[in-house]
């Protein structure tokens, strides 16, 4: 089934299918390739069984005005073997135009992802090269696992409107803080930099969880700077600096107290 992906991508380059349809067909090609006729199952006995041959024919065609509706119906009707339910929800929402996802054919940098999230957008990366997509992509097993990972993050970003708005507000403040040099005192700490990049690009969660994570990595960085062991208290001046950063980022959020 993976040998159908170049045809899907050709149709996309020729503007015959949308970004969402290209990602959806990529997903189905991989899903069928990995699981064969077990790739999907119906949620209710009232629904028709997923027809492997019909799915294959649609993948091979890959064009047509009914394609998006066909895909939406599949993602809303069937569950997909070994895949989180959040993934077809995300694909259906993208196909409907409800969620602002941006298809990319390369992995964006953490700062690029932050910039997109400031604008209320999440990237979805599709590894197109036939050889590259079957090899590990960062920490994921292959291009399919990376796509599924991105779609799961999209669900965490968009599914709850209130949580989405709160995340966007925090990302705006984090971007502003970077522009103002708020994190400059920690810029030479490579461990902090890696964990901070995770916060701004790969952590779609409740704002309190994000702030607690940031507090933890700021404390860790301060302990390293003060040549102290994990679990010790940072100095009062370092703790005041950390509290000042968090207060500036989210003045209306009260975090659980913690020993410094």
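Values quoted throughout were computed directly from the atomic coordinates according to the rules given, and no laboratory measurement underlies them. This is a predicted model, so every value here is computed, not measured. Cβ placement follows ideal geometry from the backbone for every residue including glycine, while neighbour counts extend to all protein chains displayed.
Centre-to-centre, using Cα atoms only, the stretch 51-100 and the stretch 214-255 are separated by 45 Å.
Relative to the longest principal axis of the Cα atoms of the chain, the long axis of helix 143-158 makes an angle of roughly 60 degrees.
From the list (1) 59, 34, 34; (2) 67, 41, 35; (3) 67, 38, 31, can you say which value of Cα extents along the principal axes in Å was derived from the structure given? Given (1) 59, 34, 34; (2) 67, 41, 35; (3) 67, 38, 31, the structure-derived one carries the label (3). I'd like the antiparallel share, as a percent to the nearest 5, of DSSP beta bridges with both residues in the chain. Counting only bridges with both partners in the chain, antiparallel ones make up about 50 percent. The GNM of the chain, with springs linking C-alpha atoms under 10 angstrom apart, assigns the highest mean-square fluctuation among 184, 76, 220 to 184. Taking the number of Cβ atoms within 10 Å of each Cβ as an exposure proxy, the fewest-first ranking of 198, 213, 78, 26 is 198, 213, 78, 26. Footprinting exposure proxy ranking of 236, 37, fewest other C-beta atoms within 10 angstrom first, gives 236, 37.
Of the residues 208, 32, 191, the one that moves most in a GNM of the chain with alpha-carbon contacts below 10 Å is 191. To the nearest 10 degrees, how steep is helix 52-61 against the longest Cα principal axis of the chain, on a 0 to 90 scale? Orientation of helix 52-61: about 80 degrees from the principal axis. Counting each DSSP H run of 4 or more residues in the chain as -39500 (n - 2.57), what helix-only mean residue ellipticity at 222 nm follows after dividing by all residues, to the nearest 500 deg cm²/dmol? Computed mean residue ellipticity for the chain: -18000 deg cm²/dmol.
Averaging Cα coordinates gives a centre for the stretch 164-189 and one for the stretch 2-47; these two points are 37 Å apart. Where q = 0.25, 0.26 Å⁻¹, what log10 of I(q)/I(0) comes from the Debye formula for the stretch 161-249, counting one point per Cα? Each listed q maps to, in turn, -1.42, -1.50. Between helix 236-249 and the chain there is an angle of about 40 degrees, using the helix long axis and the longest principal axis of the Cα atoms.
Relative contact order for the chain: 14 percent, from Cα pairs under 8 Å spaced at least 6 residues apart, divided by residue count. For the stretch 232-260, the residues whose backbone nitrogen is under 14 Å from a point 7 Å from the Cα of residue 225, taken along Cα to Cβ, are 234-246. Among 171, 39, 105, a tally of other beta-carbon atoms within 10 Å of each Cβ gives an order, fewest to most, of 105, 39, 171.
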